[in-house]
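What follows is a short report on a single structure.
The values are calculated or read from the model by the stated rules, or taken from the named source; none is laboratory data. This one's a predicted model, so the numbers in the text were calculated from it and none came from an experiment. Note that we place each Cβ from the backbone using ideal geometry, even for glycine, and neighbour counts take in every protein chain shown. Each accessible area value is taken on the protein alone, full model and side chains, heavy atoms only, with ligands, DNA and RNA left out. Shrake-Rupley method; radii C 1.70, N 1.55, O 1.52, S 1.80 Å.
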Amino acid sequence: MSSVFTGVSHYSELTGDHLIDALQYQGGRGDIGAARILLRSAVGALLNAAHPDINYPLSPSIIIHDVNDALASHDRDTMLDLKDVLDGYNNLGAEL
C-alpha cells in the first residue's frame, strides 16, 4: 500500500499492508484509527476513479495526493473530513 499511498509511512502499523487489506480496516481511536478509516474509503475511491466506465469526480492522482496530505497531517478530523468527501463520491453511483 505504501507504494501508492506514501503517507502510510507515517504509520508503522500499516506499512506492510496491501491495498486489499485496507478494504477490511475497521478504524479505531486516534490518528491510526482515522488513517485506517480514510484508507478504506481511499482504496474504494481509487478503484472507482480508475474504472473507465465510472464518471468519478476525482482523478487517481488527486485522490493519492489528498490522502497522502491528510495522512501526513496526523490530524484525525482532517482525515475523517476527507473520508467523508470520498465516501460521498463513492456512493454517487456509476454512470454506465
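Observations on the structure shown:
- Its DSSP H runs of at least 4 residues, each contributing -39,500 (n - 2.57), put the calculated 222 nm mean residue ellipticity of the chain at -18000 deg cm²/dmol, to the nearest 500.
- Added length on full extension, which subtracts the Cα-Cα distance from 0.36 nm per residue, GLN26 to LEU92: 21.5 nm
- Of all complete DSSP H helices in the chain, those with a Cα span along the helix axis of 27 Å or greater and a mean Kyte-Doolittle hydropathy of 0.0 or more are 30-50.
- For SER61, the accessible area of its heavy atoms, probed at 1.4 Å with every protein chain present, is near 80 square angstrom.
- To put it simply, the accessible area of the chain at a 1.4 Å probe is 51 percent carbon and sulfur.
- Within the chain: Cβ-based charge dipole about Cα centre, in debye rounded to nearest 20 (Lys, Arg +1; Asp, Glu -1): 180 debye
- From largest to smallest, the equivalent ellipsoid semi-axes obtained for the chain from the alpha-carbon gyration tensor read 22, 13, 12 Å.
- Whether region 49-96 is rounded, prolate or oblate, judged on the alpha carbon gyration tensor where a/c under 1.5 counts as rounded: oblate
- Part-to-part distance (alpha-carbon centres) for region 1-31 and region 51-84, which is given in Å: 14 Å
- Along the axis of the charge dipole computed for the chain (Cβ charges of +1 for Lys and Arg, -1 for Asp and Glu, origin at the Cα centre), the listed residues ASN55, TYR11, LEU39 are led at the positive end by TYR11.
- With all protein chains kept in place, the per residue accessible area of region 1-59 amounts to 51 square angstrom at a probe of 1.4 angstrom.
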